[in-house]
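The values are calculated or read from the model by the stated rules, or taken from the named source; none is laboratory data. None of the values given here were measured: they were computed from a predicted structure. Note that we place each Cβ from the backbone using ideal geometry, even for glycine, and neighbour counts take in every protein chain shown. We work out accessible area using only protein heavy atoms, side chains counted, and drop any ligands, DNA or RNA first. Shrake-Rupley method; radii C 1.70, N 1.55, O 1.52, S 1.80 Å.
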Amino acid sequence: MRFTEDHEWVELNGDIATVGITAYAAGQLGDVVFVETPDVGKTLKAGDAFAVVESVKAASDVYAPVSGEVVEANGDLAGSPEMVNQDPEKDAWFAKVKVSDPGEVEKLMDRAAYEKFLEGL
Amino acid sequence: MADDLKSTVLHDAHVALGARMVPFAGYAMPVQYPDGIMAEHRWTRESCGVFDVSHMGPFFFSLNDKTGDRDADHAAIAAIAEKLGPRDLTGLKPGQIRYTVLLNDEGGMIDDLMVARPCIEANAGTLYVVVNAGGKERDFALFEAAAAGKATLKRADDRALIAVQGPKAVDVVSEIFPEAAGLGFMTFTRLEYEGEGVLVARSGYTGEDGFEILVMPSVAVSFWNRLLADERVKPIGLGARDSLRLEAGLPLYGHDADESVSPIEAGLGMAVSPSRRRKGDFPGAARIERELSGGLARVRAGLLVEGAPAREGAVIANQYGVAVGVVTSGGFSPTLSRPIAMGFVPPELSAPGTVLTVIVRDRAQAATVADLPFVPHRYHRKALESV
């Protein structure tokens, strides 16, 4: 699993990247009450806002950690947004993306680097 | 956190409780504690929450030359305060609190506030006033200008103002102050805590029964900790305070009202006393009269929103997609488990059941006009009790 400074995670299997937000991000947001995932077929550029997660208080953009095409969105989040707080780094994935450049994933932080990054916040 | 932020006397207590502190109206304030907004909101509706609202602007406004005739002295100080807004204050009974607004010459709201007449008759000729944090310096200046040397403003915002809200608030507070249980909604009394005077008001901004208590700084931390020692009590941050008042359909100045908004538009007609309307002796009276006589262009309405929460600034459109208004407060209702909002719409589109849309991230979502409050108030009204 790799991580961005915007607190998204990516797990690459072949050329399919599963993406979501980190436990740290979920904790910062507080109780998630609404998630908007991207449409299948949408083309993403790394760094684009591709999803929205809303807490009681505010809406926050989620940024695409990698470039590619959305091949699947997690439909469970619409009915159960609280999954983002309960299991952010597994069941509450946001989308699966067919990556156009697997090298983008390699450039992201690994777990140790991300944890070190969090310590500095 | 920026160094120029002010702190309330309870700042260190919030930090010790693990609060997330944010800048709000020039103060570092707790937006939430570790339990989070949703849990804090629910706890207040089910049990009892305590809120630090010491950033607000409590003050005393006293006649300089009291005659000793209590009713005359009250009438004299009330007449000065009445210059600033449309509500009758002369008729306040000892210990009574009224909600009112400060108006500009165009009838727009400068602020909303609570004004009370002391319960101790020897203090007649003084008003206890609480204004919002955001504009308190300007409000203080307005009162001083209205006084024109005949009255003196003594600010009390160095003290702690603590709201205790929820269905169990009366049990919690009456263990410390047995007299508090006898207060009706919108009345207050002066009591003592550890030898210091405290003002205990049966009021609040959550829709629940509860109290707002003004405490001297020297005993504020002790009082806060005494409240928290009760297992029915949890500390509640500004985040849940906002979602609670939204469910209660209560406007928040700076969001649902500003200098362009009249109290009639804001749905605050109760702040315009019939006697004052007849006299028309307050700033912006012509506009208020016009609006009360049918010339109202927009009115605050509640909306049950489908889909994503519609936040402040979201456009409200009619069924043809034409913009008709704007959301002024919006979010998620923990009690109703759905997004709710308030905003301005034309009066002809304000009837409950009217189907409108809100535009969220360029998409139209259904929004149905709803009665306010979204969640029924549970105030402790004495008059109702005696029926």
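Within the stretch B:24-48, if we keep just the residues that are touching a Pro at 6+ places or on another chain (Cβ under 8 Å) and open to solvent by 50 Å² or more (accessible area, probe 1.4 Å), the residue that is nearest to B:Leu244 (Cα to Cα) turns out to be B:Arg42. One residue alone among A:Val66, A:Val84, A:Val62 is buried (at least 23 other Cβ atoms within 10 Å of the Cβ), in a helix (DSSP H, G or I), more than 10 Å from chain B (Cβ to nearest Cβ) and not small (Gly, Ala, Ser), and that residue is A:Val84. Can we say B:Gly204 is touching a Gly at 6+ places or on another chain (Cβ under 6 Å) and buried (at least 19 other Cβ atoms within 10 Å of the Cβ)? Yes.
For (1) of a type in the set (Asp, Glu); (2) buried (at least 22 other Cβ atoms within 10 Å of the Cβ); (3) within 24 Å of B:Ala240 (Cβ to Cβ), each residue gets a yes or a no:
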position: A:Val32; (1), (2), (3): no, yes, yes
position: A:Phe50; (1), (2), (3): no, yes, no
position: A:Glu104; (1), (2), (3): yes, no, no
position: A:Tyr114; (1), (2), (3): no, no, no
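Which members of the stretch B:322-359 meet the condition of being among the polar types (S, T, N, Q) and in a strand (DSSP E or B)? Result: B:Thr328, B:Ser329, B:Ser333, B:Thr357. Restricting attention to the stretch B:143-171, the residues that are part of a helix (DSSP H, G or I), crowded, with 20+ Cβ neighbours inside 10 Å and not aliphatic (A, V, I, L, M) total 1. Of the candidates B:Ser329, B:Ser262, B:Ser275, the single residue that is farther than 17 Å from B:Ser350 by Cβ and polar (S, T, N, Q) is B:Ser275.
Filter the stretch B:292-307 down to the residues that are aliphatic (A, V, I, L, M), surrounded by 14 or more Cβ atoms within 10 Å (Cβ to Cβ) and more than 30 Å from A:Val32 (Cβ to Cβ) and list them by number.
B:Leu292, B:Leu296, B:Val299
Within 14 Å of chain A (Cβ to nearest Cβ) and either touching a helix residue (DSSP H, G or I) at 6+ places or on another chain (Cβ under 9 Å) or among the polar types (S, T, N, Q) (or both), is that true of B:Gln319?
Considered against the rule, which asks whether it is within 14 Å of chain A (Cβ to nearest Cβ) and either touching a helix residue (DSSP H, G or I) at 6+ places or on another chain (Cβ under 9 Å) or among the polar types (S, T, N, Q) (or both), B:Gln319 comes out as no.
For the stretch B:18-43, the tally of residues that are within 12 Å of another protein chain (Cβ to nearest Cβ) and outside any strand (DSSP E or B) stands at 10.
For the stretch B:135-142, check the following and say yes or no: at least one residue is at pLDDT below 95 and surrounded by fewer than 22 Cβ atoms within 10 Å (Cβ to Cβ). Within the stretch B:135-142, none of the residues are at pLDDT below 95 and surrounded by fewer than 22 Cβ atoms within 10 Å (Cβ to Cβ). From the list A:Gly47, A:Gly20, the lone residue that is away from chain B (no Cβ under 14 Å), under 21 Å from B:Ala308 (Cβ atoms) and not in a helix (DSSP H, G or I) is A:Gly20. Listed by first and then second residue, the pairs with beta-carbon distance under 6 Å, at least 6 apart or on different chains, first residue in the stretch B:54-77 and open to solvent by 10 Å² or more (accessible area, probe 1.4 Å), second in a loop (DSSP other than H, G, I, E, B) and basic (Lys, Arg), are B:Asn64/B:Lys150. Scanning the stretch B:93-130 for residues that are of a type in the set (Lys, Arg) and open to solvent by less than 20 Å² (accessible area, probe 1.4 Å) gives a single hit, B:Arg117. When you look at A:Ala112, is it modelled with pLDDT under 95, assigned to a helix (DSSP H, G or I) and small (Gly, Ala, Ser), yes or no? Here the answer is no, as A:Ala112 does not meet what is asked. Of B:Gly313, B:Gly330, all but one fail to be within 14 Å of chain A (Cβ to nearest Cβ) and open to solvent by 40 Å² or more (accessible area, probe 1.4 Å); the exception is B:Gly313.
Report yes if A:Leu44 is open to solvent by less than 60 Å² (accessible area, probe 1.4 Å), modelled with pLDDT under 95 and not polar (S, T, N, Q), otherwise no. No, not satisfied. Residues in the stretch A:23-41 that are within 14 Å of another protein chain (Cβ to nearest Cβ) and part of a loop (DSSP other than H, G, I, E, B): A:Gly30, A:Asp31, A:Thr37, A:Pro38, A:Asp39.
Among the residues of the stretch A:87-109, those identified as within 15 Å of A:Ala17 (Cα to Cα) and assigned to a loop (DSSP other than H, G, I, E, B) are A:Glu89, A:Lys90, A:Asp91, A:Ala92, A:Trp93, A:Phe94, A:Ser100, A:Asp101, A:Pro102, A:Lys107, A:Leu108.
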